[in-house]
Amino acid sequence: MAVDAKQLAAERAARLKAAVELKEPDRVPFTGIGGDVIAAYAGITSYEFNFDYEKQCQAIIKYVKDFPSDQPVIGMTGLGNHVASMAFSDYPDLYPIISRVDGPTNDILGVDYCRFPGRELDENSSPQFIGREYMSAEEYDELIADPVKFCFEKILPRIVRAFRDMKAPEAHAAMARLALEKAKAGAAMRDMFRQLQELGYAPGGLSVFFAPLDFIGDQLRDIPNLIKDLRRYPDKVKAATEAVLEPLLKVSVNAKGPGVETAMIPLHLNEYLSPALYNEFYWPTLKEGILRLAELGMKSQVFFEGRHDAHLETILELPAGWGTAYFEKTDVRKAKKLLQGHTCIMGGIDVGMVISSTPAKLDEYIKEILGEMMPGGGFILAPNIGNLPRETPIENIRAVYEAVEKYGKY
Amino acid sequence: MREELLRSFVDMDEQEAVRIARELVETEGGAVAVLDTCKEAMEEVGRLFEAGEYFLSELIAAGDMFNQIMEFTLPKLQGEEVASLGTMVLGTVQGDVHNIGKDIFKVMAEASGINVIDIGIDVPHEKFVEAIKEHKPELVGMCCLITLGVDSMKRTIEVIKEAGLRDDIKIIIGGGRVSQAVMEHVGADAWADDAARGVRLSKELLGKE
Ligand code: B12
């Protein structure tokens, strides 16, 4: 890394760190905004972006060069493979191989809930996740008894077509092919990180953790079923959240490495639940997860999807400086009033505006939000949703970055 | 018994509500009474949701209770005159596969007396057009939760226009990604990001409120 690239990387990292530590950095840290638009900007299809490592890498580098921020926007490549991550949680070295499903991986595995552009979908679509009921209500006891074994023996064969029969040659062949494919992908990734380093970004990324109830809702029972389970089998559901906590933590730690010291925790059921249900079934194991991650040397970045307004106060139960609260529809100004001095707040840019507004209005909008959110520090500017569609007007994206440059100095 | 049914339904006491409904439905004129009471209960649940006292967990549970009760009530209504406020074709737009919000809205709309034709998720533009031609609805409902769905809605409405069907229908959009600005951008007639408001506006569009 050239000296100035190194210095730039250090400055960027320091900015983000200061905000998480509730201080005022030199400038407001800005995560950047990427997503599907990265491929469009490079003139390639979403299919190419999802299946061709080299084109993907070139597209990202081009975008990051033209739109620099404090974190490289790597885009949304692939979907999580969370049941497999849990099934293999005792093998940390396999984490990079089984934790994500991208285009080529899906060709090998055939993951039931994944659909990719250029395969099942139009070549310019986003990849899709369509979950179903993979576990029946009768199976709670098995899940509770041994979640890792249960995920491996029962759920994985239902989700991954190549693993339908773990004793069949097909499954072993898929595993071997997966390793070969990921070696190729790994080389491309290393090349990308090298180029990113030259642009002043330290290598790194985010680990991931799930609220135990979300893991059960998204990956196993399907959300509407789970909501009914809360009333029909409350004790089993609660026991299940406690049972999956440990292996979920293990998976999260498996992803830890140089530059990977933060766990992203995207919340799904928060908006669905009444405070009573949230406090009984959701928050206890999520809170414990956050505290345990801290003991294991990781900060949490919780993405409070949807409206979290009804549960905001519970965040104060965590120790000050615990990590970052990233908001989608909850008004960050309102959150700041409650959380200032206790929790770093992230968000602030309504992606809908970036898509449909004008450069002049966006300039005004960013000025206003920064004016309100920067004072006192502990704020990271980010889009409320990390995915700009292909059609996003480039002049609008440019306007956002320029406005951050103009108004982001402390 | 109607009072008890209403109360246990609104209080989310599933077992009790289903038990009373089963009993009531066997009495003279009981099926109509069950239907009316459950509609009233759904409306009350919607009000509590709009007031911030109930959450999505309650809407889902209420929808499920409603469906359970209707399963044994509707067959008993054969021959009875069930007033319909009008017909709506409803789907999640192309590229978007979220269905929970749409399904909640659907039950609430049905409970309010709207006849809903659900055409599913990730619905291509042409499929909306075909469904409009086939079912001749007064209303079309589009659900959209992802940003990419915004352009999908816009294109769907254009295709409906090109087919010469736009003037025959009113279009209401819903889901997490909609707003006044999105409504204007795509050219719809109304928007709602919560089901209770969506039902209210749908009735207004039908001229029934
Ligand atoms: C649950 C969820 C999922 C579930 C969906 C389960 C299902 N079967 O629907 C799963 C896990 C499968 C999923 C998948 C994905 N999701 Co998702 N998901 C969510 C989440 C957490 C909640 C959505 C939800 O159900 N809300 C509750 C319902 C009830 O609300 P609602 O839809 O708004 O409906 C209400 C009203 O709008 C109204 N209504 C609904 N429909 C209609 C229709 C009419 C006509 C009217 C009048 C009213 C109306 O009534 C409802 C009740 O009040 C949101 C975040 C959030 N909290 O909003 C992300 C979110 C929508 N997902 C998101 C993404 C990116 C995805 C994926 C692409 C992720 C991925 N890479 O895997 C895939 C989907 C791909 C695709 N192409 O669609 C993003 C969308 C970002 C964007 N703007 O593009 C969100 C916003 C999360 C985020 N912050 O990043 N998701």
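With respect to A:I61, determine if the residue is of a type in the set (A, V, I, L, M, F, W, C), over 27 Å from A:V253 (Cβ atoms) and within 14 Å of chain B (Cβ to nearest Cβ). Explain how you work it out, then say what you get.
Working: of a type in the set (A, V, I, L, M, F, W, C): yes; over 27 Å from A:V253 (Cβ atoms): yes; within 14 Å of chain B (Cβ to nearest Cβ): no.
So A:I61 fails the test.
So in the range B:135-147, with the set limited to residues that are within 6 Å of the ligand (Cβ to nearest atom) and within 14 Å of chain A (Cβ to nearest Cβ), which one is nearest to B:V107 (Cα to Cα)?
So the residue we want is B:L145.
Before we move on, is B:A131 under 30 Å from A:P383 (Cβ atoms), without any contact (Cβ under 8 Å) to a residue 60 or more places away in the chain, surrounded by 15 or more Cβ atoms within 10 Å (Cβ to Cβ) and away from chain A (no Cβ under 14 Å)?
Against the criterion (under 30 Å from A:P383 (Cβ atoms), without any contact (Cβ under 8 Å) to a residue 60 or more places away in the chain, surrounded by 15 or more Cβ atoms within 10 Å (Cβ to Cβ) and away from chain A (no Cβ under 14 Å)), B:A131 does not qualify.
Where residues in the range B:155-184 are more than 11 Å from every other protein chain (Cβ to nearest Cβ) and part of a loop (DSSP other than H, G, I, E, B), which of them is farthest from the ligand (Cβ to nearest atom)?
B:G164
Filter the range A:306-326 for residues that are within 16 Å of the ligand (Cβ to nearest atom) and not in a loop (DSSP other than H, G, I, E, B); which is nearest to the other protein chains (Cβ to nearest Cβ)? Let's see the steps before the verdict.
Residues of the range A:306-326 within 16 Å of the ligand (Cβ to nearest atom): A:306-312, A:324-326.
Restricting the remaining residues to those that are not in a loop (DSSP other than H, G, I, E, B) gives A:309-312, A:324-326.
Working: A:D309: 9, A:A310: 7, A:H311: 10, A:L312: 13, A:T324: 22, A:A325: 19, A:Y326: 16 Å.
By that ranking, first place goes to A:A310.
Please go through the range B:197-209 and pick out each residue that is more than 7 Å from the ligand (Cβ to nearest atom) and either touching a residue at least 60 places away in the same chain (Cβ under 8 Å) or not in a helix (DSSP H, G or I) (or both).
Result: B:R197, B:V199, B:K203, B:L205, B:L206, B:G207, B:K208, B:E209.
Is it fair to say A:G306 is on the phi > 0 side of the Ramachandran plot and at pLDDT below 95?
On the way: on the phi > 0 side of the Ramachandran plot: yes; at pLDDT below 95: yes.
In short, yes.
Identify the residue in the range B:30-54 that is within 14 Å of chain A (Cβ to nearest Cβ) and surrounded by fewer than 20 Cβ atoms within 10 Å (Cβ to Cβ) and, among all such residues, is nearest to B:E3 (Cα to Cα).
Checked the range B:30-54; the qualifying residue nearest to B:E3 (Cα to Cα) is B:L48.
Here are some residues: B:E110, B:E53. Which one is out of contact with any helix residue (DSSP H, G or I) (no Cβ under 7 Å at 6 or more places or on another chain), among the acidic types (D, E), in the same structural domain as B:C143 (by TED's automatic domain parsing) and within 29 Å of A:R231 (Cα to Cα)?
Result of the check over B:E110, B:E53: B:E110.
Given (1) in a helix (DSSP H, G or I); (2) of a type in the set (F, W, Y); (3) within 14 Å of chain A (Cβ to nearest Cβ), where does B:W191 come up short, assuming only one miss?
Result: B:W191 fails condition (1) only.
Select from the range A:120-141 the residues that are more than 16 Å from the ligand (Cβ to nearest atom) and surrounded by fewer than 15 Cβ atoms within 10 Å (Cβ to Cβ) and write down the one among them that is nearest to the chain's Cα centre (by Cα).
A:S136
Just the residues that are within 8 Å of the ligand (Cβ to nearest atom) and of a type in the set (V, I, T), please, taken from the range B:88-120.
Of everything in the range B:88-120, those that are within 8 Å of the ligand (Cβ to nearest atom) and of a type in the set (V, I, T) turn out to be B:T92, B:V97, B:I100, B:I104.
Filtering the range A:84-117 down to residues that are in contact (Cβ under 8 Å) with a residue 40 or more places away in the chain and within 14 Å of chain B (Cβ to nearest Cβ), which residue is farthest from A:S252 (Cα to Cα)?
Among those residues, the one meeting the criterion is A:P117.
Restricting attention to the range A:11-27, which residues are among the hydrophobic types (A, V, I, L, M, F, W, C) and either more than 24 Å from the chain's Cα centre (by Cα) or crowded, with 17+ Cβ neighbours inside 10 Å (or both)? Break it down into steps so the answer makes sense when it comes.
The initial filter retains those residues of the range A:11-27 that are among the hydrophobic types (A, V, I, L, M, F, W, C), namely A:13-14, A:16, A:18-20, A:22.
Of everything in the range A:11-27, those that are among the hydrophobic types (A, V, I, L, M, F, W, C) and either more than 24 Å from the chain's Cα centre (by Cα) or crowded, with 17+ Cβ neighbours inside 10 Å (or both) turn out to be A:A13, A:L16, A:A18, A:A19, A:V20, A:L22.
Tell me which residues, restricted to the range A:288-305, are without any contact (Cβ under 8 Å) to a residue 40 or more places away in the chain, in a helix (DSSP H, G or I) and out of contact with any Ser or Thr (no Cβ under 8 Å at 6 or more places or on another chain).
Passing the criteria: A:L291, A:E295.
Restricting attention to the range A:367-402, report how many residues are buried (at least 19 other Cβ atoms within 10 Å of the Cβ), within 17 Å of A:V73 (Cβ to Cβ) and of a type in the set (A, V, I, L, M, F, W, C).
Residues in the range A:367-402 being buried (at least 19 other Cβ atoms within 10 Å of the Cβ), within 17 Å of A:V73 (Cβ to Cβ) and of a type in the set (A, V, I, L, M, F, W, C): 8 in total.
Say we look at the range A:181-203 and pick out the residues that are touching a Phe, Trp or Tyr at 6+ places or on another chain (Cβ under 9 Å) and part of a loop (DSSP other than H, G, I, E, B); which of these is surrounded by the fewest Cβ atoms within 10 Å (Cβ to Cβ)?
Per the stated criteria, the residue is A:P203.
Inside the range A:24-112, counting only helices (runs of 4 or more DSSP H) that do not spill past its ends, which hold 1 or more residues that are touching a Pro at 6+ places or on another chain (Cβ under 9 Å)?
Where helices (runs of 4 or more DSSP H) fall fully within the range A:24-112 and carry at least 1 residues being touching a Pro at 6+ places or on another chain (Cβ under 9 Å), they are A:37-41, A:46-51, A:53-66, A:82-87, A:103-109.
From the list A:K329, A:K361, which residue is within 14 Å of the ligand (Cβ to nearest atom), surrounded by fewer than 18 Cβ atoms within 10 Å (Cβ to Cβ) and either within 17 Å of the chain's Cα centre (by Cα) or within 13 Å of chain B (Cβ to nearest Cβ) (or both)?
A:K329
If you scan the range A:247-277, which residues turn out to be charged (D, E, K, R), more than 19 Å from A:D90 (Cβ to Cβ) and more than 11 Å from the ligand (Cβ to nearest atom)? Step through it out loud before you land on a result.
First, the residues of the range A:247-277 that are charged (D, E, K, R): A:250, A:256, A:261, A:271.
Imposing the further condition that a residue be more than 19 Å from A:D90 (Cβ to Cβ) reduces the set to A:261, A:271.
Answer for the range A:247-277, where residues must be charged (D, E, K, R), more than 19 Å from A:D90 (Cβ to Cβ) and more than 11 Å from the ligand (Cβ to nearest atom): just A:E261.
Please go through the range B:185-196 and pick out each residue that is within 10 Å of the ligand (Cβ to nearest atom), within 20 Å of B:N115 (Cβ to Cβ) and out of contact with any Phe, Trp or Tyr (no Cβ under 9 Å at 6 or more places or on another chain).
B:A190 - this is the single residue of the range B:185-196 that is within 10 Å of the ligand (Cβ to nearest atom), within 20 Å of B:N115 (Cβ to Cβ) and out of contact with any Phe, Trp or Tyr (no Cβ under 9 Å at 6 or more places or on another chain).
The values are calculated or read from the model by the stated rules, or taken from the named source; none is laboratory data. Not measured: the values here are computed from a predicted model. Using ideal geometry, Cβ is built from the backbone for each residue, glycine included, and neighbour counts are taken over all protein chains shown.
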